[in-house]
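The values are calculated or read from the model by the stated rules, or taken from the named source; none is laboratory data. This is a predicted model, so every value here is computed, not measured. Quick reminder, even Gly has a Cβ in these numbers, built from the backbone with ideal geometry, and neighbours come from all protein chains shown. For the accessible areas, the whole protein counts, side chains as well, though only heavy atoms, and no ligand, DNA or RNA atoms are used. Shrake-Rupley method; radii C 1.70, N 1.55, O 1.52, S 1.80 Å.
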Amino acid sequence: DVMKYKDPKQPLNVRIKDLIGRMTLEEKIGQMTQVDRSVATPDVMRNYFIGSLLSGGGSVPAKEASPETWIIMVNDFQKGSLSTRLGIPMIYGIDAVHGNSNVYNATIFPHNIGLGVTRDPELVKKIGAATALEVRATGINYAFAPCVAVCRDPRWGRCFESFSEDPNIVRQMTEIIPGLQGEIPSNGRQGVPFVDGQSKVAACAKHFVGDGGTTRGINENDTVIDFHDLLSIHMPPYYDAVRKGVATIMVSYSSWNGLKMHRNQQLLTGFLKNTLKFRGFVISDFKGIDKMTDPPHANYTWSIQESVGAGIDMIMVGYNYFEFIDGLTYLANNNFIPMCRIDDAVKRILRVKFVMGLFENPLTDLSMGKYLGEQDHRDLAREAVRKSLVLLKNGKCVDQPMLPLPKKSTKILVAGSHADNIGNQCGGWTIEWHGESGNITKGTTILSAVKNAVDPTTEVVYVENPTPDFIKSNNFSYAIVVTGEYPYSESSGDSQDLTIPEPGLTTIMNVCESIKCVVVLMSGRPVVIEPYVSSMDALVAAWLPGSEGQGVTDVLFGDYGFTGKLAHTWFKTVDQLPMNVGDPHYDPLYPFGYGLTTEPT
Ligand SMILES: OC[C@@H]1[C@@H](O)[C@H](O)[C@@H](O)c2nc(CNc3ccccc3)cn21
């Protein structure tokens, strides 16, 4: 008989039922296994029936690899999967969290903290669509995005991955999901996985749930709140993500009231699958099951039993696929995990793979490579940068605004560690896991953007960390100081003091106490700035704008007006934290929703 699961005209549930009815336990467990590309080969894919691969942060086929190199790599792994008895295609995931940002020369969009400021769902949906194309340009079909964390404490190293402290802004920004996956047709079913073909990708709402609410913002720590607050602060974005057909949801490393999310059956199965009726697949975080114990990996068989038993469908194993497969096989064969749980997991994984057309189009044509970093994506990113900037101060006297800056001046000074540094303006999850300073990928630095923006007769002088004497010996009309935080991600970004690292503050004080200055602050979150604001003539929060630095000068020089409003409370001192809009004792330096505006000249 023609195998029904191979027939795209068959109803989805018929295909799933037919296929799972043919699968051995080995083939089922293989589908639940995701490993990093660095330990995979086509033979491993075939012999262990591996259902999914990922590129962890920085896991690339080669340094500065071209899109074609990426496509060939992914296709080769896929051919390994297709050569198995049942020919089930694998799904390949990557952290396309601000563009396909691991990939050299991809368009790098502002990180989520900047996108939340735009409060523009249509813009963010377009960013999702552009990102999907740039992911497909590398042969990849699955993005571990969007992060829908609600960051409640800026000491959290991942606050830059959160759209806002306000769940309503995060809910609005889930429009990136139909951008990434495609819009559910008006006559289509909401609340079931939807991925609209070869220019779209499966998305991943993460990290379920409460990742942004941990104690003192300590990454992967404990979120101690009652069920009402969990449901009203951290859960709402998942209502929207499920309704919009998100294909997958990733579990948080963190705990809720002392229980690791990776073993929280009440929330993973009881609430997400049974109450919210989520029908896609739940994926663990990287070695998330290892981290259920202290020390990690202390009892791997227990970790497998507790996580799969709680309702996780695909395990982001990391590297040790043999140990995982062996452990889960033992647990299934000895009924520590019931077969119905394994079948539920595999059905969810197959549902996503069928829905996204993976069986019909498992391979990528090399011609898709042209979409990587294409100009109209860069123009879109530039627009997002413009709308993400927040003007916090404009002139020392209300009636003497400094911005917009004149394009025609005799001589101006550009200074600061982030003025001529693409890596610094992109932040974490860019090329490398933690990101990296330097000329790491294609883009426009702020210095280049200034030179492009000003009148040709204006002399632009760049000195990264100028001395007061140097400044005073030149008659600069004004200075633009670009500085802030260096790239970080995850726990490496956790900070208890939230100070601007040196020499940033020194540069700010040296310049601003010598001449008129506008400070462009690049940071993944609000940082300690209050003691220094009085020295500045103007202050712009630029967050982590990404590769298209021209968007910053578009607004500084008045081609566009400032429109952004804070999506995060800007505290005065860290001992006020956590402090969020709506709190009874709310005494910020700049409140949630604050932002000065300017008119285009
Ligand atoms: O990169 C995969 C996931 C990512 O989607 C999650 O948001 C994040 O919590 C996460 N952390 C790791 C662990 N980090 C890691 C980075 C590079 C190589 C190996 C592990 C992987 N991942």
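Quick notes on this structure:
- Helix-only CD estimate at 222 nm, as mean residue ellipticity for the chain, using -39500 (n - 2.57) per DSSP H run (n ≥ 4): -8500 deg cm²/dmol
- According to the calculation over all Cα-Cα pairs in the chain, the P(r) per 20 Å bin from zero is 21, 52, 23, 4, 0 %.
- Applying a 4.7 Å Cβ-Cβ cutoff to the chain, the cysteines left without a disulfide-compatible partner are C147, C204, C340, C397, C426.
- Packing around the peptides 452-463, 37-48, taken as the average count of other Cβ atoms within 10 Å per residue, puts them in this order, highest first: 37-48, 452-463.
- For the chain, accessible area per residue (1.4 Å probe, heavy atoms of protein chains only), Å²: 34
- Other-chain or far-sequence residues with amide H under 5 Å of F144's (modelled H): I94, D95, A96
- Residue-by-residue Karplus 3J(HN,Hα) for region 263-269, coefficients 6.51, -1.76, 1.60, Hz, glycine and proline x: 10, 8, 5, 4, 8, 6, 9
- With contacts taken as Cα pairs under 8 Å and at least 6 residues apart, the chain reaches a relative contact order of 17 percent.
- Of all DSSP beta bridges in the chain, antiparallel share, percent nearest 5: 15
- Environment charge at E175 (Cβ cut-off 14 Å; Lys +1, Arg +1, Asp -1, Glu -1): +2
- Cβ crowding within 10 Å averaged over residues, with 346-358, 76-88, 326-338 ranked highest first: 346-358, 76-88, 326-338
- Across region 415-422, rounded Karplus estimates of 3J(HN,Hα) from the backbone phi angles (6.51 cos²θ - 1.76 cosθ + 1.60, θ = phi - 60°) give 9, x, 5, 10, 6, 10, 8, 4 Hz, Gly and Pro being marked x.
- Cα-based shape type of region 336-403, given that a ≥ b ≥ c are square roots of the gyration tensor eigenvalues and the cut on a/c is 1.5: oblate
- Proximal charge balance of T601 [Cβ under 11 Å; K/R count +1, D/E count -1]: -1
- Summary of the geometry: region 72-129 and region 288-363, compared by the centres of their Cα atoms, lie 22 Å apart.
- In sequence order, calculated HN-Hα J values of region 202-217 (Karplus, 6.51, -1.76, 1.60; Hz; x Gly/Pro): 5, 10, 8, 7, 8, 10, 6, 9, x, 4, x, x, 6, 4, 6, x
- Those residues of region 551-574 whose amide nitrogen sits under 15 Å from the label point placed on T410, 7 Å along Cα→Cβ: none
- Most tightly packed first, judged by the mean number of other beta-carbon atoms within 10 Å of their residues, the peptides 377-384, 113-120 read 113-120, 377-384.
- Whichever lysines have a C-alpha closer than 28 Å to that of K451, once near sequence neighbours (fewer than 8 apart) are set aside: K387, K393, K396, K407, K408, K411, K442, K472, K516, K565
- Inter-site label distance for V461 and S534 at 7 Å from Cα along Cβ, in nm: 2.9
- For W256, the residues whose amide H sits under 5 Å from its own are T223, M261, ignoring neighbours fewer than 5 places away on the same chain, with H placed 1.01 Å from N.
- In range of the label at V224: residues from region 561-601 whose backbone nitrogen is under 19 Å from the point 7 Å along Cα→Cβ: 575-580
- Projecting the Cα atoms of S547, M522, G416 onto the dipole axis of the chain, where Lys and Arg carry +1 and Asp and Glu carry -1 at the beta carbon, places S547 farthest toward the positive end.
- Cβ-derived FRET efficiency at R0 35 Å, L25 paired with Q496, nearest 0.05: 0.15
- For K411, the residues whose amide H sits under 5 Å from its own are E459, S477, ignoring neighbours fewer than 5 places away on the same chain, with H placed 1.01 Å from N.
- Projected label points at N320 and H297, each 7 Å from Cα along the beta carbon direction, are separated by 0.4 nanometres.
- Carbon plus sulfur fraction of accessible area for the chain, probe 1.4 Å, in percent: 51
- Taking a ≥ b ≥ c as the square roots of the eigenvalues of the alpha-carbon gyration tensor, region 48-188 is classed prolate because a/c is 1.5 or more and a/b outweighs b/c.
- Partner lysines whose Cα lies under 16 Å from the Cα of K4, excluding those fewer than 8 positions away in the same chain, are identified as K17, K347, K353.
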